[in-house]
Structure formats: C-alpha cells, structure tokens
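Some notes on the structure that comes next.
Derivation of every value follows stated rules applied to the coordinates shown; laboratory data play no part. Since the model is a prediction, treat every value here as computed from it, not as a measurement. No Cβ is skipped: glycine too gets one built from the backbone with ideal geometry, and neighbour counts run over all protein chains shown.
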Amino acid sequence: MRYALTDAEWCLIKPVLPYKPRGVPRVDDRRFLNGIFWILRSGAPWRDLPERYGPYTTCYNRFVRWRCAGVWDRILIAISHRDHAEVQMIDSTIVRAHQHATCIKRGTDEELGRSRGGLTTKIHAVVDANGLPIKLALTPGHQHDSLSAADLLGDIPEDGMLLADKAYDSDAIRSLVAANGAWANIPPLHNRRNPICFSPFLYRDRNLVERFFNRIKHCRRIATRYEKRAANFLAFVKLAAIRIWLRVYESTA
C-alpha cells in the first residue's frame with residue numbers, strides 16, 4: 001500500500017510503541033500508523049481516510065491521545081541517534097495556514113502569525129551533520145528566527161559547531177553557544193562592528209537543513225497547515241521526522 005510502513009520500518013518502530021498489558025486490546029498498531037502516515041503524506045481530510053485503515057475517528061482519537069501522552073516525542077528520541085550531533089544546523093521555514101486552520105477562538109494564537117503570505121506558521125529545526133532532525137519547534141510566522149534559538153540550542157555539545165544564516169547573528173546566540181564550549185559559524189551582519197571568526201568553507205554544509213525542510217514538505221499535511229491546533233501540526237512534523245529516521249535505518253540495514 002502506498003505510504004505504508006515497510007516490514008523493515010515496522011520492525012524498527014514496533015519495540016518503542018506504548019505497551020498495553022491490560023484492558024481491551026487496542027486496534028492493530030501497524031494499521032493505525034499506516035493510516036496516520038497516509039494522512040500525513042496525502043494531506044487529505046480525516047474523513048477521507050480509506051476504510052482499510054479502520055474508522056477515521058479511531059485513528060484521529062489515538063493520534064491525539066498519543067500526542068498528549070508524549071508518545072510521538074518518545075518515539076523520535078528513541079530512534080534518533082546523536083553520533084553526528086557535534087555539528088548542528090538551525091533554520092526555519094514558513095508554512096501557510098489553510099483557511100480551515102485559522103478558525104480559532106479569539107484570544108488564542110495557536111502559533112499563527114500574519115506575515116507577507118497571510119496567516120503563517122514557522123517550523124524551526126535543528127539537524128545534525130547528515131541533515132537528520134534533532135529538535136523541532138513552532139512559532140508564529142511573523143516572529144524572528146533568533147527568538148526561538150535559545151530553546152533549541154541548549155544541547156549543543158562541547159567542542160561542537162553551529163551553522164546558521166545571518167538571521168541568527170546576535171551576541172546572545174553566540175554567547176549561548178560559547179557557554180557550551182562550541183563555536184557558532186555564522187556569517188556576520190553588514191552592520192556588525194567587531195570582527196568575528198567565520199569560515200565560508202564550513203558554511204557550505206548548511207544547505208543540509210534546507211534539504212530537510214524540502215523533504216518534510218513532500219508531505220502535504222506539512223506543506224500546508226490544515227490543523228487548527230498547533231500541537232497537532234507539530235505532531236505531524238515530528239511524524240515526518242520519524243519517517244525520515246526510519247528510512248535511514250532501513251537503508252543502512
């Protein structure tokens with residue numbers, strides 16, 4: 001079936017799924033995950049979920065329950081490794097919100113902001129030296145990239161290196177990276193007075209984070225934001241990251 005987990009991917013993800021020893025046995029996990037990945041990749045409404053994946057309400061309700069229980073976060077942490085995390089790259093990409101995603105209660109933002117493209121959301125990502133995701137976050141589309149950097153760069157290892165574009169050229173970010181014993185290889189802004197150490201040769205590898213965004217936007221549920229709740233949209237972004245990790249393991253097996 002299209003977008004379904006392969007046998008190798010299922011063998012990798014099955015051991016890290018939640019274990020339910022008591023009570024009524026739940027619906028087959030593999031069928032449920034295949035339904036989630038079908039929604040993620042196709043971008044179709046929940047009601048259009050094919051019957052082979054079971055009732056769409058069952059699939060949606062468990063998707064939300066597992067999100068609230070932190071299951072998607074635990075799976076991403078369990079299957080991701082940090083062997084190449086000495087070099088990290090950070091960037092963001094803007095996703096336009098569908099009109100159905102903007103019908104929210106007054107006084108709540110749900111990480112939506114008005115920018116040049118209308119109501120948008122920013123996806124922030126930190127990837128390793130192979131372009132594989134380490135951390136993910138959302139902010140409103142109008143918010144500056146540097147404001148979320150502190151939350152994403154807290155785990156950069158000692159003697160590591162951060163690659164980022166000019167949007168992250170601030171003394172606060174450089175001090176944060178230096179406090180961890182790492183080096184921020186960021187091109188200076190034109191108005192920076194004090195000279196800094198910058199390597200254009202090493203900076204060429206920063207395109208790996210751009211490639212990561214290109215890969216996850218193959219999933220139509222991410223290329224356009226259809227989710228009203230920011231937490232649900234971030235869960236889909238994490239599911240796309242999980243699928244990328246699974247395919248890496250499958251290709252090296």
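Odds and ends about this structure:
- Furthest towards positive pole of dipole, Leu202, Val71, Leu49, structure part the chain, Cβ charges: Leu49
- Expected 222 nm ellipticity per residue - DSSP helices of 4 or more, -39500 (n - 2.57), all of the chain, to 500: -11000 deg cm²/dmol
- Full extension of the chain segment joining Arg114 with Leu147 gains 10.2 nm, where the gain is 0.36 nm per residue of separation less the Cα-Cα distance.
- Dimensionless Rg/Rh of the range 7-79 - Kirkwood Rh, Rg from C-alpha atoms: 0.95
- Sites Arg247 and Ala69, calculated FRET efficiency, Cβ-Cβ separation with R0 35 Å, nearest 0.05: 0.90
- Convex hull volume of the range 109-182 per residue (C-alpha atoms, cubic angstrom): 98 Å³
- With one equal scatterer per alpha carbon and no solvent term, the Debye-computed log10 I(q)/I(0) for the range 29-151 at 0.16 1/Å reads -1.04.
- Rg over Rh for the range 87-230 works out to 1.00, both radii taken from alpha-carbon positions and Rh defined as the Kirkwood radius.
- Once both labels are positioned 7 Å from their Cα atoms along Cα-to-Cβ, the gap between Ala78 and Ala44 label points is 2.8 nm.
- Largest to smallest principal axis extent of the C-alpha atoms in the range 43-115, angstrom: 43, 38, 22
- Charge tally for Pro187 (other residues, Cβ to Cβ under 11 Å; Lys, Arg +1; Asp, Glu -1): +1.
- The slack in the chain from Leu17 to Ile104, taken as 0.36 nm per residue of separation less the alpha-carbon distance, amounts to 28.1 nm.
- Stretched out straight at 0.36 nm per residue, the stretch from Arg220 to Asp155 would grow longer than its current Cα-Cα span by 20.4 nm.
- Note on the chain: along the principal axes its Cα atoms extend 64, 46, 31 Å, ordered by decreasing extent.
- Protection proxy ranking, highest mean first, for peptides 187-197, 39-49: 39-49, 187-197, where packing is the per-residue count of other beta-carbon atoms within 10 Å, averaged.
- Estimated inter-spin distance, Met1 and Asn180, nm [label 7 Å along Cα→Cβ]: 3.9 nm
- For Asp73, neighbours were defined as the other residues whose beta-carbon sits under 10 Å from its Cβ, and their charges (Lys and Arg +1, Asp and Glu -1) total +3.
- Other residues within the sphere of radius under 9 Å centred on the Cβ of Ala167, judged by their own Cβ, net out at -3 (K and R +1, D and E -1).
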